[in-house]
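Here's the structure we're looking at; comments come further down.
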Amino acid sequence: MKLKNSYLFSAVAERTAAYQKAHPERRLLRLSIGDVTRPLAPAVVAAMRKAADEMGRCETFRGYAPSGTRMGYEPLLATIVKSYARKGVALGEEDIFISDGAKSDCGNLSDLFSADNTVLIPDPVYPVYLDTNIMAGRRIVFADGTEENGFLPMPKRDMRADVIYLCSPNNPTGAAYTKEELRAWVGYALENDAVILYDAAYEYFVSGEDRARSIYQVEGAKECAIELCSYSKTAGFTGVRCGYTVVPRELVREGVSLNRLWERRQSTKFNGVSYVTQMGAAAVFTEEGERQIGEAIAYYRGNAKIISDALTRLGIPFTGGEHSPYIWMKCPCGMDSWTFFDYLLNNAGVVGTPGSGFGRNGEGYFRLTAFGTHEDTEEAMRRIAKLLET
Ligand code: PLP
């Protein structure tokens, strides 16, 4: 009863459809899409074909995934361990749980914590953290992301929280924590016996050495953090569905291993991800796979640069775009998020996402995404520049 209607995306779709109906001749450009548009890498497709063939032969057919490996097939677990090693993080296969994507685990992890825990959620952020904790009936407090802190809230002395959600690079602001900044959150969690749920769904967009690709790049994080990762934005798996969640064996609260608890929870309520999907995912972090997905990421980065360059030329403040496919711009002339949405739709035929849908602090901001085509992104920014220059 406390859940608000998921107004944001339905309202965007409704207003866009109404405008298109009234102006059928106008080609709308959608910089609102949060879904990927580049196809699966050839290495992934080949691995899935091979796995499908194996499933069609008696000698190589597989049923339920092996339970001893937490439902992850060994080749996939091995590539994940190696990908962490390249980030300077030593994990064991026992720390990794294969999932059908980060969204399910964002909600399901809630089963590990008691109902009277207090949950800290950044604002603005991916709305799933808030809604799943409203469903669980927990007390929720917010950490404000504002222009002053670059939309990267930091721990404060008077904060009291048992479970802390962090999202870096952040959806919707595109802001990404440095390792140094994460050190402060890890310090807070260790001091206060809190557990951090670190959503790294966009880690593959991070470049350079300063920003964190994983919270485990910070010392002590294995004792206080769970990390959620996804092949969705990294490798175009939004429709295929595969991710992985790291619950380190070092993470213990009140004498209980959270790794054991999560294994118990998953083996009760989940039956794993298909063999074909896991074999496709296992092709992502191979040399060939990384080269191929790198091309798609470079494509999206190119779009992000087109958007950032245009906003810089217009003198409009924004965050994101550098380590993220999201660009978070300030609405010009003090417009609120929905006024700017309508203004852009009606005068430029460009669709974005009103920032107010991501939390109280999102009011007055607007999210543009880099997941479209180069041509549409260029045309959209040309139209926006023409409109806003005047
Ligand atoms: N986490 C964040 C921050 C996201 O933005 C999204 C999807 O947009 C997800 C998780 C969900 O990812 P998946 O497709 O793996 O469920």
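In the P(r) worked out for the stretch 43-287, what percent of Cα pairs fall beyond 30 Å? Could the numbers behind the result be given before it?
Numbers: 7168 of 29890 pairs.
Roughly 24 percent, rounded to a whole number.
Kindly work out what percent of the DSSP beta bridges joining two residues of the stretch 157-233 are antiparallel, to the nearest 5.
Details: 1 of 10 bridges.
The answer is about 10 percent antiparallel.
About the Cα centre, and with charges only on the beta carbon of Lys, Arg (+1) and Asp, Glu (-1), how big is the dipole of the chain? Nearest 20 debye, please. If you can, show how the numbers build up before the last one.
On the way: 45 positive and 49 negative charges, 149 e Å.
Charge dipole, the chain, about its Cα centre: 720 debye, nearest 20.
Could you work out the Kirkwood radius for the stretch 146-267, taking every pair of different alpha carbons, averaging 1/r and inverting it, reported in Å?
Working: mean 1/r = 0.0660 Å⁻¹.
Here the Kirkwood hydrodynamic radius works out to 15.1 Å.
What's the local net charge at Gly280, with K and R +1, D and E -1, over the other residues with C-beta under 12 Å away? Provide the component values of the computation, followed by the final result.
Details: positive: Arg49, Lys50, Arg241; negative: none.
So the environment of Gly280 carries a net charge of +3.
Where the centroid of each part is defined by its Cα atoms, how far is the stretch 206-232 from the stretch 81-112 in Å?
11 Å
At a Cα cut-off below 30 Å, give the lysines reachable from Lys222, other chains included and same-chain residues fewer than 8 away excluded.
Once the sequence-local lysines are set aside, what remains near Lys222 is Lys82, Lys87, Lys103, Lys156, Lys179, Lys233, Lys269.
Quick one: Cα centre-to-centre distance for the stretch 333-356 and the stretch 40-55, in angstrom?
42 Å
Which one of Leu91, Pro122, Leu3 is farthest out on the positive end of the charge dipole of the stretch 1-153, using unit charges on Cβ (Lys, Arg +1; Asp, Glu -1) and the Cα centre as origin?
Towards the positive end, the residue furthest out is Leu3.
How big is the antiparallel share of DSSP beta bridges in the stretch 43-287, given as a percent to the nearest 5?
Values: 11 of 28 bridges.
Antiparallel: roughly 40 percent of the beta bridges in the stretch 43-287.
For the stretch 202-215, what does the Karplus curve 6.51 cos²θ - 1.76 cosθ + 1.60, with θ = phi - 60°, yield as ³J(HN,Hα) per residue in whole Hz, taken in order and with x for Gly and Pro?
Listing the rounded values in order: 10, 4, 5, 8, 6, 10, x, 9, 5, 7, 7, 8, 8, 5 Hz.
Does the stretch 28-98 classify as rounded, prolate or oblate by the C-alpha gyration tensor (a ≥ b ≥ c root eigenvalues; a/c under 1.5 gives rounded; else a/b over b/c gives prolate, otherwise oblate)?
Working: a/c = 2.29, a/b = 1.22, b/c = 1.87.
Taking the square roots of the gyration eigenvalues as a ≥ b ≥ c, the stretch 28-98 is oblate.
What list do you get for Lys330, Lys82 if you sort them by fewest beta carbons within 10 Å?
Working: Lys330 17, Lys82 12.
Ascending Cβ contact count within 10 Å gives the list Lys82, Lys330.
Based on Cα coordinates alone, diagonalise the gyration tensor for the stretch 39-172, multiply each eigenvalue by 5, take square roots, and list the semi-axes in whole Å, largest first.
Details: eigenvalues 272, 68, 46 Å².
Semi-axes from the Cα gyration tensor: 37, 18, 15 Å.
Values quoted throughout were computed directly from the atomic coordinates according to the rules given, and no laboratory measurement underlies them. Just so it is clear, the model here is predicted, and its values are computed rather than measured. Backbone-built Cβ (ideal geometry, glycine too); neighbour counts: all protein chains shown.
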